[in-house]
Amino acid sequence: MPGLADLRHLPSVDRMMNLPSIAPLIERHGRVVVTDELRGVLVDIREAVKAGAEVPDEAGVLASLISRLGYLEKSNLRPLFNLTGTVLHTNLGRALLAEEAIAAAIDAMRDAAALEFDLDTGRRGERDSHLRELLCELTGAEDATIVNNNAAAVLISLNAIGAGRQAIVSRGELIEIGGAFRMPDIMERAGVELVEVGTTNRTHARDYIKAVGPETALILKVHTSNYRIEGFTAEVEGAELARIARDLGLALLNDLGSGTLVDLSRYGLAKEPTVREAIVEGADLVTFSGDKLLGGPQAGFIVGRKHLIAEINRNPLKRALRVDKIRIAALAATLKLYRDPDRLGERLPTLRMLSRKQPEIRAQAERLLPQVTSLLQRQGYGVEICPCSSQIGSGALPVDTVPSAGLRITAASGSALEALASLFRSLPRPILGRLQDGAMVLDLRCLTDENSFIASLSEGTGHALA
């Protein structure tokens with residue numbers, strides 16, 4: 001077979017590993033990894049030669065090895081430009097942390113910390129103590145605890161106060177959250193029997209009262225943060241549910257889902273129920289997320305009555321669902337920002353991005369248009385400024401959008417747009433937009449670093465585009 005005789009000219013593993021040019025690769029990746037990947041490169045070359053390819057020289061083998069090691073080193077969990085128009089994008093990590101939270105997390109990673117050690121007494125402490133006072137101050141609750149996400153908060157709350165008994169829920173609140181996690185499934189795993197009341201669109205106080213029996217442990221109210229039922233509807237508000245639960249000797253658990261500690265209307269957004277409002281209404285327990293509207297890292301908060309929080313903390317699940325020192329440090333720093341509401345919109349990235357006004361974003365689009373046009377026009381793409389609508393994301397305010405502006409990229413064919421999207425995803429710092437109505441739309445609401453964006457785009461247009 002032509003070319004097979006030339007395989008004897010292919011450098012050996014030992015020869016390649018002793019080249020001076022290999023030393024930096026060994027220093028970076030380790031001898032074992034480089035050796036294994038080199039063997040893989042040589043296997044691929046032999047197969048290619050059998051198919052008719054020429055045998056490369058040492059420089060060619062080295063280039064293939066460097067490329068293979070670079071691919072091995074590249075991580076999908078790397079910074080990217082979120083220009084999708086969804087601010088709290090679940091698939092992209094939800095909330096961006098404030099600089100104060102990032103610094104606190106780095107400090108916790110770098111050194112030992114008094115996570116469960118009381119520096120005042122010299123005795124063992126509790127990790128919740130770093131957040132309890134802050135949470136009680138900001139929500140008005142008697143006590144507070146924390147687990148790794150809100151689904152876990154609901155799970156452990158149900159299990160602690162209702163295992164082996166029943167929980168009453170309106171049919172209109174039996175939500176399904178991302179990843180096909182359904183409230184009935186969470187309740188089943190918590191060991192609580194679901195009792196549905198009312199209908200999908202209308203539930204009344206009498207429905208709850210009629211459903212109460214000797215096995216009823218609690219009433220569960222679920223904020224439908226990821227959808228909204230409109231039209232001929234009725235629901236029982238939190239204050240009335242709290243009165244019903246209190247009169248019947250039951251607990252009321254209010255799951256706020258995305259949760260917020262401030263009135264969002266002051267930032268030009270639709271109002272969402274706050275945690276403090278739920279506590280004032282009389283909820284015995286309130287659960288909510290840390291990485292959505294609150295603007296911190298992933299966590300699930302549980303605030304409410306002291307005796308119920310104590311029951312949750314005694315539950316064996318608490319250890320399985322606890323959070324580490326890094327997230328606790330970042331959460332504490334995030335919560336402290338809420339003590340200064342006048343500057344919160346500037347210091348918390350989530351609120352800062354959500355509250356950006358459309359004229360400001362359009363002005364950014366006007367600055368970027370000439371550069372983006374210059375880079376893409378020669379590849380056959382058209383670019384224009386367009387109005388668009390941003391979503392909050394992560395199930396928050398699902399039918400409300402925020403006016404925004406962006407860049408609309410068009411092409412001669414859908415395949416060309418797909419090729420552009422694929423290229424943008426392959427960049428060292430990927431660019432993610434959305435394909436909509438025969439174009440790629442780059443919503444600029446979340447773009448904070450214009451220079452880095454142009455640099456990434458320049459690198460992308462240095463490649464051939466289909």
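The values are calculated or read from the model by the stated rules, or taken from the named source; none is laboratory data. Just so it is clear, the structure is predicted and the values come from calculations on it, not from any experiment. Every residue, glycine among them, receives a Cβ derived from its backbone with ideal geometry; neighbour counts consider all protein chains shown. The accessibility values were calculated without ligands, DNA or RNA, using every heavy atom of the protein model including side chains. Shrake-Rupley method; radii C 1.70, N 1.55, O 1.52, S 1.80 Å.
With a cap of 14 neighbouring Cβ atoms within 10 Å, and only residues DSSP puts in a loop, list the trypsin sites (Lys or Arg not before Pro) found in the stretch 347-382.
Qualifying residues, ordered by number: 357, 378.
How big is the stretch 9-73 by the Kirkwood estimate over distinct Cα pairs, in Å?
The answer is 11.9 Å.
Report the charge-dipole magnitude of the chain in Debye, nearest 20, computed about the Cα centre from +1 at each Lys and Arg Cβ and -1 at each Asp and Glu Cβ. If you can, show how the numbers build up before the last one.
Details: 54 positive and 59 negative charges, 30 e Å.
My answer is approximately 140 debye.
Per Stokes-Einstein, at 37 °C and 0.692 mPa s, what whole-number D in µm² s⁻¹ belongs to the stretch 305-435, with the Kirkwood radius over Cα pairs as the hydrodynamic radius?
Numbers: Rh = 19.1 Å.
Stokes-Einstein gives a translational diffusion coefficient of 172 µm²/s.
Give me the one-decimal nm value for the distance between modelled label points at residue 319 and residue 118, 7 Å along each residue's Cα-to-Cβ direction.
2.1
List the relative contact order of the chain as a percent without decimals, with contacts defined as Cα pairs under 8 Å and 6+ residues apart. Working shown, then result.
Working: 827 pairs, mean separation 87.2, N = 466.
Taking the mean separation of contacting Cα pairs over the length of the chain, I get 19 percent.
Assuming 1.002 mPa s and 20 °C, estimate D for the stretch 68-198 with Stokes-Einstein, Rh taken as the Kirkwood radius over Cα pairs, in µm²/s. Kindly include the intermediate steps, with their values, before the conclusion.
Numbers: Rh = 19.1 Å.
Taking Rh from Cα pairs, D becomes 112 µm²/s.
What's the carbon and sulfur percent of the chain's accessible surface, probe 1.4 angstrom, rounded to a whole number?
Answer for the chain: carbon and sulfur cover 50 percent of the accessible area.
In the stretch 396-442, how does Rg compare with the Kirkwood Rh, expressed as the Rg/Rh ratio over alpha carbon atoms?
Values: Rg = 12.7 Å, Rh = 12.0 Å.
Expressed as Rg/Rh, it is 1.06.
Under the Kirkwood approximation applied to all pairs of distinct alpha-carbon atoms, what is the hydrodynamic radius of the stretch 99-347 in Å?
Values: mean 1/r = 0.0535 Å⁻¹.
Its Kirkwood hydrodynamic radius stands at 18.7 Å.
When every alpha-carbon pair in the stretch 68-119 is counted, what percent end up more than 13 Å apart? Before the final figure, lay out each step's value.
Details: 988 of 1326 pairs.
When every Cα pair of the stretch 68-119 is considered, 75 percent fall beyond 13 Å.
What does the convex hull of the alpha-carbon atoms of the stretch 1-136 project to on average, in nm²? If you can, show how the numbers build up before the last one.
Details: hull surface 61.5 nm².
Averaged projected hull area, Cα only: 15.4 nm².
Points 7 angstrom from Cα along the Cβ direction at residue 18 and residue 137: gap in nanometres?
The modelled label-to-label distance comes out at 6.8 nm.
I'd like the projected area of the stretch 226-266, averaged over all directions, using the convex hull of its alpha carbons. Report it in nm² with one decimal.
Numbers: hull surface 17.8 nm².
So the Cα hull casts an average projection of 4.5 nm².
Pull out the extension gain between residue 202 and residue 412, defined as 0.36 nm times the separation in residues minus the alpha carbon to alpha carbon distance; nm, one decimal. Before the final figure, lay out the partial values.
Values: separation 210, 0.36 × 210 = 75.60 nm, distance 4.96 nm.
Here the answer is 70.6 nm.
Among 129, 219, 93, flag the residue with its Cα farthest along the positive direction of the charge dipole of the chain, charges on Cβ as +1 for Lys/Arg and -1 for Asp/Glu.
Most positive-ward Cα: 93.
How high is the relative contact order of the stretch 9-73? Use alpha-carbon pairs under 8 Å, at least six apart in sequence, and give a whole percent.
Values: 30 pairs, mean separation 27.2, N = 65.
Across the stretch 9-73, relative contact order equals 42 percent.
Relative to the present Cα-Cα distance, how much length would full extension add between residue 50 and residue 193 at 0.36 nm per residue of separation? Working shown, then result.
Numbers: separation 143, 0.36 × 143 = 51.48 nm, distance 6.50 nm.
Length gained between residue 50 and residue 193: 45.0 nm.
Two decimals is fine: what is log10 I(q)/I(0) at q = 0.13 Å⁻¹ for the chain, from a Debye sum with one equal scatterer on every Cα and no solvent?
For the requested q values the scattering log ratios are -1.17.
How far is it, in nm, from the label point at residue 246 to the one at residue 165 when both lie 7 Å from their Cα along the line to the Cβ?
1.9
Which percentage, to the nearest 5, of the DSSP beta bridges contained in the chain is antiparallel? Could the numbers behind the result be given before it?
On the way: 32 of 52 bridges.
Around 60 percent of the beta bridges assigned by DSSP in the chain are antiparallel ones.
Excluding ligands, DNA and RNA, what is the solvent-accessible area per residue of the chain at a probe of 1.4 Å, expressed in Å²? Could the numbers behind the result be given before it?
Numbers: 22710 Å² over 466 residues.
With all protein chains present, the chain gives 49 Å² per residue.
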